[in-house]
Amino acid sequence: MKLRERRNELRILTHKNLIAPLKIYLHSCYLFETALDFELNIIGYDFENEFKVDEKFSFKAKQNSHITNKHEVKSIPEQQFVSSSLLFNIGEDNLIYTSDIAAREDLFLFDNRRPKIFITETTHIDLDWIHGINSYYSPGKIYLTHISDSDEKKVEKYLRNQIFAHKTEVVMAEDGHSVILS
């Protein structure tokens, strides 16, 4: 981001419990709101509430279990351990992004949805869970992200040997990969 040339407002959306730590981080990087030539607007969302970005774009976040086991870290307040899975509503289409998860149940936080695209980080999932995602949501595409170099061949081999119902395409995302809803 070219901060020196920016003039338009920058909105950062984060969970409401992370606004204060984000501001501390920005200040530690010597980014002070009063010294910027644009308006920096940090907006907090709440779990379970739809957040409307504009007329055609909204999202709902739900807490997943990825970092809920960090309760023994005393130096950071418990309410700052936030890991959001997100349901994006873009026009008539839905997209689910799980972020990192800790349990199979985290894949199924958004009931009664048929997302066009389902994106999940693969660090903590069993590859056979992909069939569950497909059966439950029937998405058009499933994107797998955060595939370690050591797991890449294993994931490729797994996907080559699978047949997914509903003609769902399962894609290994790569750096620079973009997703187009059409």
Taking Cα pairs closer than 8 Å and at least 6 residues apart, the relative contact order of segment 38-171 in percent is 16 percent
Listed by chain and number, the lysines with an alpha carbon less than 22 angstrom from that of LYS2, same-chain partners under 8 positions apart left out, are LYS23
Toy charge model, Lys and Arg Cβ at +1, Asp and Glu Cβ at -1: the chain dipole around Cα centroid in debye, rounded to 20, equals 140 debye
Taking a straight Cα-to-Cα line shorter than 20 Å from LYS62, and setting aside same-chain lysines fewer than 8 residues away, one finds LYS16, LYS52, LYS70, LYS116
Relative contact order in percent for segment 46-89 (Cα pairs under 8 Å, 6+ apart) equals 41 percent
extent check for segment 129-182: Cα max minus min per principal axis, descending, whole Å, gives 29, 26, 15
Filtered hits (aspartates and glutamates, Cα-Cα < 19 Å from LYS60, offset >= 8 within chain) -> ASP46, GLU48, GLU50, GLU92, ASP93, ASP100, GLU105, ASP106, ASP111, GLU121
Percent relative contact order for segment 16-91, counting Cα pairs under 8 Å at least six residues apart, stands at 29 percent
On the formula 1/(1 + (r/R0)^6), with r taken between the Cβ atoms of LYS157 and VAL179 and R0 of 22 Å, the FRET efficiency rounded to 0.05 is 0.35
Put in order of increasing Cβ neighbours within 10 Å, starting from the fewest, HIS177, HIS66, HIS15 give HIS177, HIS15, HIS66
Here the percent of antiparallel bridges among DSSP beta bridges lying wholly in the chain, to the nearest 5, is 45 percent
Per the helix-only model, the chain has a calculated mean residue ellipticity at 222 nm (DSSP H runs of ≥4, -39500 (n - 2.57) each, divided over all residues, rounded to the nearest 500) of -5000 deg cm²/dmol
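Computed from the coordinates by the stated procedures, all read-outs in this text should not be read as laboratory data. What you see is a predicted model, and the numbers here were worked out from it, not measured in a lab. Ideal geometry is used to build each Cβ from the backbone, glycine not excepted, and the neighbour counts take in all protein chains shown.
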